[in-house]
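One structure is given below, encoded as C-alpha cells.
The values are calculated or read from the model by the stated rules, or taken from the named source; none is laboratory data. The shown structure was predicted, so the numbers you read here are calculated from the model rather than taken from an experiment. Virtual Cβ from ideal backbone geometry, glycine too; neighbours counted across all protein chains shown. What goes into the accessible areas is simple: the full protein's heavy atoms, side chains included, and nothing from ligands, DNA or RNA. Shrake-Rupley method; radii C 1.70, N 1.55, O 1.52, S 1.80 Å.
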Amino acid sequence: GGRLAVTSLSVAGQELVGSIVTELVQLPYLQSLDMSHNNLAGQLDSVWKGLRQLQLQYNFLTGSIPEDFFDNESIMQHLNIGANDMVGTIPAEVGLASQMTALYVFDNAFQGTIPILGNMPLRIFQGQQNQLGGILPFDLHYGAWAETIEEWWAFDNQLNGPLSENLGLFPSLRDFRVGGNQFTGTIPTSTYQLQNLFRVEVNDNSLTGPIDPSIGGLVKLETFDVSGNGLTG
C-alpha cells in the first residue's frame, strides 16, 4: 500500500510547554507547520527555512532571526513570529525571499530599520509594537511588493522622517497603520490617489500642515485617524 506523506502539521492552541521541537522538520514532505498560541520557548531555527508556511506566534521565543534564514532559494510564503520575546533586527536578507506573501513580526523587541523587501509578492506586513526606527522602505528599490502590498501595520514603533511621497505608487494598499511613531512633515498628496484605501491611521505622530480636500474622493475610506498631530483642515 501507499504511504501517507505529512505535508501540514498544526498543534496550535494546545497549551504546549517546553522547547520548540525542531525535529519535526525531519518529516520529508512537511510544508506547513503551526505551533502558534502555546507556551513554547526556544529560538527561531534555520532548519525551518525550507517550509512554505511557519506559524509560531504567541509563544515565548527568544533570540534573533538567523541571518541565513532567508536566501535566494527561499520558498517560504507565510512567516508569523509575532507576539514573542525576540530581539535583534529584521535581516536585510529577507529581501531575497521571493515568494513571501505574508510577514508577521509584530509585538517583539526588534530594532533597526525595516529592510528593502525586494521582489516578494508581499500582501501583508505586520511589524507593529516593536522598537523599529528609521524611515519606511517605501522609497527604496521597488520590487513586486509595491504592486501587491495590501496591509501595512507598523504602529507603535520609533519610525521617523516624512511619510513617503511615493505612497501613491502602492495601488493595492488598503490598510495603512503607522500611528504612535515619530513621523514629521505632511500627509503626502499621493496618498489621495490610493483608491483601495479603507483604513488610514497616522495618529500620534508629529505631522503638520493641511489635510487635502481630495480625501473626499476615496470612496472606500472608512477610518481616517489623524489625532495627536498638528494637522489642519
Enumerate the calculated ³J(HN,Hα) couplings along the stretch 210-221 in order (Karplus 6.51 cos²θ - 1.76 cosθ + 1.60, θ = phi - 60°), each rounded to whole Hz, writing x wherever the residue is Gly or Pro. x, 8, 5, x, 5, 4, x, x, 8, 6, 8, 5
For the chain, averaging the sequence separation of alpha carbon pairs under 8 Å that lie six or more residues apart and dividing by its residue count, the contact order in percent is 10 percent
If you stretched the chain out fully between residue 5 and residue 73, how much longer would it get, using 0.36 nm times the residue separation minus the C-alpha to C-alpha distance? 22.2 nm
Can you tally the net charge around residue 189? Count Lys and Arg as +1, Asp and Glu as -1, for every other residue whose Cβ sits under 11 Å from the Cβ of residue 189. -2
When ranked by the protection proxy of mean other Cβ atoms within 10 Å per residue, highest first, what sequence do the peptides 39-45, 66-72 form? 39-45, 66-72
Fraction of accessible area attributable to carbon and sulfur, the stretch 4-58 (%, probe 1.4 Å): 51 percent
Solvent-accessible area per residue, Å², over the chain with all protein chains present [probe radius 1.4 Å]: 45 Å²
Would you please report the Å³ per residue occupied by the convex hull of the alpha carbon atoms in the stretch 1-113? 102 Å³
Would you kindly calculate the translational diffusion coefficient of the chain, applying Stokes-Einstein with the Kirkwood radius from alpha carbon pairs, for 25 °C and a viscosity of 0.890 mPa s, and quote it in µm² s⁻¹ without decimals? 131 µm²/s
Per q in 0.14, 0.15, 0.17 Å⁻¹, report the Debye log10 I(q)/I(0) for the stretch 81-198, using one uniform scatterer on each alpha carbon and no solvent. -0.53, -0.61, -0.80
When all protein chains stay in place, what accessible area (Å², nearest 10, 1.4 Å probe) is found for residue 123? 100 Å²
Given the protein chains as shown and a 1.4 Å probe, how many square angstrom of residue 17 are accessible, to the nearest 10? 110 Å²
Need one number: nm distance between label points at residue 223 and residue 169, each 7 Å from Cα along Cα→Cβ, rounded to one decimal. 2.8 nm
How large is ³J(HN,Hα) for each residue in the stretch 86-100, as worked out from phi by the Karplus curve 6.51 cos²θ - 1.76 cosθ + 1.60 (θ = phi - 60°), to whole Hz, x for Gly and Pro? 7, 10, x, 10, 7, x, 4, 5, 4, x, 7, 7, 7, 10, 5
